[in-house]
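The values are calculated or read from the model by the stated rules, or taken from the named source; none is laboratory data. In this text the structure is predicted, and so the values were computed from the model without any measurement. Heads up: the accessible areas ignore ligands, DNA and RNA and are worked out on the full protein's heavy atoms, side chains in. Shrake-Rupley method; radii C 1.70, N 1.55, O 1.52, S 1.80 Å.
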Amino acid sequence: RLQIFSEGKDYPCISWVMIDSLFIVSTSGSYIVERHFCGHTPRLVCEPLVEKLCAGEKADALLPVFSANRKHVLIHVVRDKMLFLAVVTHEEPPLAVSELLDRVYQVLFRYLGEVSEDSLRQNFSTVYLLLDEMIDSGLPFTTEMNRLESIIAPPSAIGKVVQAVSGSSTQVLSDVPIEAAGQAGPLGALTSALSGMSHSSIGGASAEVWWRRQNVVYGSNEVYVDIVETISCICNSTGNMISGGVSGEILINSKLSGVPEVLLTLRNPAVLQNVSFHPCVRLPRFQRDKALSFIPPDGEFPLASYWIPDTTMNLPFHFTVSVNYHSDHGKLQIAASPKLAVTMQNKQMLIDKFVVSIRLPSSIASASLASEGGSIRFHEDSKVVVWNLGKLASQESKAEGTLNYATDPKDGSPQIPSEEKATAQLAFIIKGWVLSGIRLD
């Protein structure tokens, strides 16, 4: 980096940045946090997007990439009813910017417990220190949680008491002298007694293990491994997958002392073809033995993320939907049941939060619906039938109903839909079972 921008001074900005400014805006349109990394971006640039929020438009319905004018592009993600908004003036991959914004949210959530307007205002100093460490001159810099925690102390009730008594603000741990715990005077004794802060020196456990904090000690050593998979696909009327695949994550929650070595072996390593690893994973060992060997960071972190573009995988349930339009009314029939082979393979498996959404033509005015399980209703504004089945039991569940047409205001004749095809969206959760069949030891 040849040139670094310094706020308050008329220094030129570096020639390449990812984001110029970052705003955190509530869904009501209130600006809560703003940080400028390369020059000052006026709030007027964000007004086209904020005006939509003030007009009552839902945040989830806004375009994630929005052109404010010929120079500025707004890229945002919505988390906990908050908009994390980045202002971009250069050609940048939108997904990279969205990933950075999501990482900012994850760090704030880890530090504050919840990301809300109140929590952000109550911890302004911590939020701005984190943004300064995570983004340097518009570029991602330090985003590893363990590294950040070794630099900036998470806010706590005890810390707030000490700040209130001493009149100081949040401090960077590297700025706290080691002798602070033994400082003289009643204030020093209070600080030492309440906070008990014997800060370790800044940095990781070593130069090679920069992602792990120093001097980690637990009474009992434990490590938890979770595999979370999400299937996004398009199926035809017979239930066969024609497009899509499975995205998955291997999540680790490490509570190990010292600098531990962890080894996970894969029963079917061929699954991990399109995969990205955490920096702690030893890639030569994985390429040679197809085993995951690593020194984990302390706490929760994603060990690996993978994508399986396989359309031959079978869904764990049967599903059929039929929509027919007659001369005087329409008929809707839905049926769903789990596959016997899947239930026999794992008796503890349970398909939960099973929700079916069917979009109907605009000429459908109303519907009379009934279901054997769960609840079903027709939303007249969006013309969507939503069947919230909940748990998909071992037997077949059915729902059906009559669709009423809207009438032509000129002659009163029914408006029969000309297109008989309908699309259905399914959402479900299965605990204790993965579609890809990946196994770890």
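Numerical summary
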quantity	calculated
Residues of type lysines that residue 421 reaches as a straight line, Cα spacing below 28 Å, ignoring anything fewer than 8 places off in the same chain	331, 339, 353, 383, 391, 398, 410
Exposure rank, largest accessible area first [318, 90, 40; 1.4 Å]	40, 318, 90
Protein-only accessible surface order, largest first, of 105, 128 at 1.4 Å	128, 105
Antiparallel bridges, percent of DSSP beta bridges restricted to segment 36-160 (to nearest 5)	100 percent
Sequence of 398, 339 from largest to smallest accessible area, 1.4 Å probe	398, 339
Solvent-accessible area of residue 137 with every protein chain in place, 1.4 Å probe, in Å² to the nearest 10	10 Å²
Shape of segment 286-441, Cα gyration tensor, a/c cut at 1.5	prolate
Carbon plus sulfur fraction of accessible area for segment 77-154, probe 1.4 Å, in percent	50 percent
For residue 18, distant residues with modelled amide H under 5 Å away	139
For residue 259, solvent-accessible area (1.4 Å; no DNA, RNA or ligand), Å²	90 Å²
For segment 221-358, accessible area per residue (1.4 Å probe, heavy atoms of protein chains only), Å²	52 Å²
Within the accessible area of segment 348-412 (1.4 Å probe), percent carbon and sulfur	43 percent
